[in-house]
Every structure is written in structure tokens, then in C-alpha cells.
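The values are calculated or read from the model by the stated rules, or taken from the named source; none is laboratory data. It should be emphasised that the depicted structure is a prediction, and the values quoted were computed from it without experimental measurement. FYI the Cβ positions are ideal-geometry reconstructions off the backbone, even for glycines, and counts take in every protein chain you see. All accessible areas refer to the heavy atoms of the entire protein, side chains included, with ligands and DNA or RNA removed. Shrake-Rupley method; radii C 1.70, N 1.55, O 1.52, S 1.80 Å.
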Amino acid sequence: MGCALCRPLSARSLHLNKEHFRSLLRLKELLRLTRRDIDRMHGLFNRIDRDKSGCICYFEFLMHLDLDKSPFVEKAFMLANVDSADNMDFAEFVGSLYVYCTLSWDTLVKYAFDVCDVDRSGVLEVREVEELVRSVYGKALDARVEQLLRVMDSDCDGTISFDEFRARNRQHPLLLFPAFHMQERMRHACLGASLCGNQIFNPTSMCA
């Protein structure tokens, strides 16, 4: 039968349609992934895919990474979902890992801000920031986070600019802690040490 690493990748073996298979090959080139990387990630994909449907659903993803359900986590899961379905195939899985795991500290904070800034005004109402933080946590907030939310609007104008939001998160990482915790779990549980060491999978440190 020959060595598995010697056989060429195929859409059929990865249960992908031709369009998604071409997307995977582009990702492979962009990220400089080896055949061994692809096989290892596909093995992980198959372990997450508990019902062996050829796709990963949101709940399978949560169970594998031991994450709490939240609106923010669900949005992050669907980052690279091109057809807006409730699950993702292997190409979308690799794409989602790439997008979320390569976000720098600044970019992840901006992504969180933009999730709520739907009218692209560049400011959020205090209520919207509260909803964002609650969506990130996905459960009741402890007293420390509640107190941070109460002092978020530093100039007391009723709205929060991105600069205010960014500054508060620098001072108090607890505000978006679950978002960064999920990123760290995804990097190590899904990518492993070898890919985390890849310069493409090595975003700016939170403490930079």
C-alpha cells in the first residue's frame, strides 16, 4: 500500500469538495505546512469529529477543548466558515485555526470591539461593552469584572472609544481573559508545539 506520507493529498481522502480542497492547498502553501502537519491536523480533526460525519460542529469543538459555551466562542469558531453552515469541514477547520491563532493581542482586542461595533462608528455604548464582556465569558461575571465594567468609560461621555477599550484591557486583562485563554488552548491543543514555533503561528505576545 506504500507509506501514507508518500501518497498525494486528495479531496476524497479528506472528504472535501474540489473548491474546499483547493482552499486547503492554498493554506498549505501560505502556512508552509508539511504533509506531516496536514496528516497530524487531520488526525486531530477526526478525533474532534465524534460522530464521524466528516464535519465538526460547535459542540464537538467545545467538548474537545473543554471550553464554556458563549456567543464569542461561537463567532470565533465560525471565523473561516465560508458557507455559514453550523459545522465546518477540514479546510475550514485549518482556516479557522490560522485566523484565530495568529491574532496578535491588539488584533484580538480590535476583533472583540468590532464584534459589537456593527455600525462601524468607532465607539460603543457602555451597555454594548457590558454585553460584549458577558458574551466572552458566557456566564455570570464575578465582582472584579463587574467593577471594571463600571469604570470603563474614563471620560464619562456615555460611550467608549476603541482607545479607551484598548487601554482598559491593557490595564485589566481580566476583561477579555476567556478570549485569550481560548486562543492559547487552540494553539497548543490543536496546533502543537511545532506549529506554535512556526513564525506564522507566533503572534505578538499579550505583554508586548
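Which of the residues belonging to region 110-135 are of a type in the set (Val, Ile, Thr) and either closer than 17 Å to SER70 by Cα or free of Cβ contacts under 8 Å to residues at least 12 places away in the same chain (or both)?
VAL115, VAL118, VAL129, VAL133
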(request) Would you mind telling me which numbered condition in (1) out of contact with any strand residue (DSSP E or B) (no Cβ under 8 Å at 6 or more places or on another chain); (2) surrounded by fewer than 15 Cβ atoms within 10 Å (Cβ to Cβ); (3) of a type in the set (Asp, Glu) GLU125 fails? (result) (1)
(request) Could you list all residues from region 94-104 that are more than 13 Å from MET182 (Cα to Cα) and of a type in the set (Phe, Trp, Tyr)? (result) TYR98
(request) Go through region 127-156 residue by residue and tally those that are in a helix (DSSP H, G or I) and either within 24 Å of the chain's Cα centre (by Cα) or closer than 24 Å to ALA76 by Cβ (or both). (result) 16
(message) For region 128-156, which positions are within 29 Å of SER96 (Cβ to Cβ), open to solvent by 40 Å² or more (accessible area, probe 1.4 Å) and among the aliphatic types (A, V, I, L, M)?
(response) ALA140
(request) Would you check if there is a residue in region 116-126 being among the β-branched types (Val, Ile, Thr) and outside any helix (DSSP H, G or I)? (result) yes
(request) Would you mention how many residues in region 98-111 are modelled with pLDDT of 85 or more and open to solvent by less than 30 Å² (accessible area, probe 1.4 Å)? (result) 4
(request) Restrict the check to region 3-26 and report whether at least one residue is part of a helix (DSSP H, G or I), modelled with pLDDT under 85 and open to solvent by less than 20 Å² (accessible area, probe 1.4 Å). (result) no
(message) If I filter region 32-62 down to residues being over 21 Å from GLU74 (Cβ atoms), surrounded by 13 or more Cβ atoms within 10 Å (Cβ to Cβ) and basic (Lys, Arg), which single residue comes out as modelled with the lowest pLDDT?
(response) ARG40
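Scanning for something in contact with a strand residue (DSSP E or B) (Cβ under 7 Å, 6 or more places away or on another chain), in a helix (DSSP H, G or I), hydrophobic (A, V, I, L, M, F, W, C) and touching a residue at least 24 places away in the same chain (Cβ under 8 Å), does region 52-67 turn up at least one residue?
No - not one qualifying residue is present in region 52-67.
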(message) With crowded, with 18+ Cβ neighbours inside 10 Å, farther than 13 Å from MET182 by Cα and either over 16 Å from the mean Cα position of the chain (by Cα) or modelled with pLDDT of 75 or more (or both) as the only criterion, which of ALA85, ALA80, ALA91 stands out?
(response) ALA91
(message) So in region 112-122, with the set limited to residues that are closer than 18 Å to SER135 by Cβ and open to solvent by 20 Å² or more (accessible area, probe 1.4 Å), which one is modelled with the highest pLDDT?
(response) ASP114
